[in-house]
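The block underneath contains the structure these notes are about, expressed in structure tokens.
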Amino acid sequence: MTATATTSIRCPKCQHKNRVLTAGAGRPRCGNCHEPLPWIVDALDDTFAEVAEKADPPVIVDLWASWCGPCRVVSPILEQLATERAGELKLVKVDVDRAPGLSSRFGIQAVPTLLVLRGGEVIAQQAGAAPLGVLRRWFDEAMAKEGGGS
């Protein structure tokens, strides 16, 4: 995957299928109804800087593994949060087994581990799965601590 890679995102409002860049400035909007799109992408060691650290909106990083039960539980919850907060955040999913450099860099000892990045800096971290309300509050508190919304 390169910085010019794209992903398809279906608009939750009108169901139009949109192709968006995995990295880049701005915040994706539906080409049909112009509503903000949930920006959910994957990253690996070689694409993380471009996809996550240089992102304009705040980023929730989901460090997960395919063999991890709690990871499978929290993934749709994070996708729901990204859909609720379309235009306000970007969700970047990192398979730790395929990104050992990022696992080492962030000192990941348990999965899932969630990070909030703003301007490429980690401003919050949480290990383990949690319900939607807890994750919503965790993200909001991280944003408030850092001086407000996106």
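The values are calculated or read from the model by the stated rules, or taken from the named source; none is laboratory data. Note that the structure is predicted; figures quoted are calculated from it, not measured. All Cβ positions, glycine included, derive from the backbone under ideal geometry; neighbour counts span all protein chains shown. Calculation scope for accessible area: heavy atoms of the full protein, side chains included, ligands and nucleic acids excluded. Shrake-Rupley method; radii C 1.70, N 1.55, O 1.52, S 1.80 Å.
Structural remarks
- Filter result (in a loop (DSSP other than H, G, I, E, B) and either buried (at least 19 other Cβ atoms within 10 Å of the Cβ) or at negative phi (or both)) within segment 25-40: 25, 27, 28, 30, 31, 32, 33, 35, 37, 38
- Here 130, 124 are screened, and the one residue that is assigned to a loop (DSSP other than H, G, I, E, B), at pLDDT 95 or above and among the small types (Gly, Ala, Ser) is 130.
- Which listed residue, of 6, 22, is of a type outside the set (A, V, I, L, M, F, W, C), over 19 Å from residue 139 (Cα atoms) and open to solvent by less than 10 Å² (accessible area, probe 1.4 Å): 22
- Taking residues in segment 21-50 that are acidic (Asp, Glu), and partners anywhere that are buried (at least 18 other Cβ atoms within 10 Å of the Cβ), the pairs with Cβ atoms closer than 6 Å and at least 6 places apart or on different chains are 42/93; 45/99; 45/102; 50/23.
- Note on segment 81-104: residues that are charged (D, E, K, R), farther than 20 Å from residue 128 by Cβ and not in a loop (DSSP other than H, G, I, E, B) total 2.
- Candidates 82, 99, 86 - the one that is of a type in the set (A, V, I, L, M) and over 24 Å from residue 33 (Cα atoms): 99
- Where residue 59 falls short, out of the listed (1) closer than 19 Å to residue 130 by Cβ; (2) surrounded by fewer than 18 Cβ atoms within 10 Å (Cβ to Cβ): (2)
- Residues located in segment 67-80, provided they are open to solvent by less than 70 Å² (accessible area, probe 1.4 Å), over 23 Å from residue 27 (Cβ atoms), part of a helix (DSSP H, G or I) and not small (Gly, Ala, Ser): 70, 71, 74
- Hits in segment 76-101 (condition: within 21 Å of residue 6 (Cβ to Cβ), without any contact (Cβ under 8 Å) to a residue 60 or more places away in the chain and out of contact with any helix residue (DSSP H, G or I) (no Cβ under 8 Å at 6 or more places or on another chain)): 79, 82, 95, 98
- Scanning segment 124-136 for residues that are without any contact (Cβ under 8 Å) to a residue 24 or more places away in the chain and either surrounded by 12 or more Cβ atoms within 10 Å (Cβ to Cβ) or of a type in the set (A, V, I, L, M) (or both) turns up 124, 125, 126, 127, 134.
- Residue selected from segment 42-66 under the condition in a strand (DSSP E or B) and among the acidic types (Asp, Glu), by the criterion farthest from residue 137 (Cα to Cα): 42
- Any hit, segment 102-110, residues being closer than 30 Å to residue 33 by Cβ, open to solvent by less than 60 Å² (accessible area, probe 1.4 Å) and modelled with pLDDT of 95 or more: no
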